[in-house]
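In what follows, a structure is listed as C-alpha cells, so that the remarks can point back to it.
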There are 2 protein chains.
Amino acid sequence: MTHPTQKLDEVVHQKTRLGMLAILSDVQKADFNFLKETLTLSDGNLSRHLQVLEEAGLVKLDKVFEGKRPRTWVSLTKAGRSAFQAELISLQALMGGLEGSR
Amino acid sequence: MTHPTQKLDEVVHQKTRLGMLAILSDVQKADFNFLKETLTLSDGNLSRHLQVLEEAGLVKLDKVFEGKRPRTWVSLTKAGRSAFQAELISLQALMGGLEGSR
C-alpha cells in the first residue's frame, strides 16, 4: 500500500512551484512580472523555480520584445498540466483518506 | 491579496513530513517503525524529518524500553495538530480557488 503523500512529486509539490502551476493552470500564459507579483517573489527566486519547472518539461518560456521591452511569457506544457492534475488527485486522496478515517 | 500557496509552511508542506503529520493526526501515537514502513523511509530519512518536526515543536518523541527493546513513540503536539489543520485549510483554498475559476 502506498501512502498518498508518497505519490507527490517534489518538483510540483514545493509551495512556490505549486503556486506557479496553479496560476498557469487557469490561464493560457502569464508573464514573469505577473507571477512575481502574485506570489510575492524576488526576480532571482522566480527565475530559479522557473528553471526547475522548465528543466522538468513542465513549463515553456517565451521571451519576446514588446517594443523595446523584453517580456517573458510562461505557459504550462501538456506534461505540466498532467503533473499538476496528478498533484491535485494525490492531495484529494490525502484529504479524502483523512475524512474517511474520522 | 495572498495566493493560497503562500500560506503553506515548508516544515509542514514537505511531502514526507506531510505524510507523517497526516498519519499522526489520526492516531494518539505511532511508533518509529510504523511511520517508517507506512511511508517507505530509511531510518536516517525518518530521523531527519522527525528532528525537523520536533525542533519546530510539532511532534513529541517518547523513547521507552519495552522489555529490552527500545521503542520510539511519536505523537502530534497541540501546535502540530494546528499546523496540520492550517495546511489542509490552505490546500482546500487552493483547490477551491481552482474549481471556482473553471
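FYI, it's all coordinate maths here, none of it is from the lab. What you see is a predicted model; the values in this text were computed from it and never measured. Counting neighbours? That spans all protein chains shown, and the Cβs are built from the backbone with ideal geometry, glycine included.
Overview of values
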{"quantity": "Helices (runs of 4 or more DSSP H) within the stretch B:1-100 that include 2 or more residues within 11 Å of the chain's Cα centre (by Cα) and either touching a residue at least 12 places away in the same chain (Cβ under 8 Å) or surrounded by 15 or more Cβ atoms within 10 Å (Cβ to Cβ) (or both)", "calculated": "B:10-13, B:15-24, B:43-55, B:78-100"}
{"quantity": "Residues of the stretch B:21-54 that turn out to be under 15 Å from B:Leu76 (Cα atoms), β-branched (Val, Ile, Thr) and within 14 Å of another protein chain (Cβ to nearest Cβ), as a count", "calculated": "2"}
{"quantity": "Selection from the stretch A:61-83 of residues that are under 30 Å from B:Thr16 (Cα atoms) and in contact with a strand residue (DSSP E or B) (Cβ under 7 Å, 6 or more places away or on another chain)", "calculated": "A:Val74, A:Ser75, A:Leu76, A:Thr77, A:Gly80"}
{"quantity": "Count of residues meeting criterion [farther than 25 Å from B:Gly96 by Cβ and hydrophobic (A, V, I, L, M, F, W, C)] in the stretch B:1-22", "calculated": "1"}
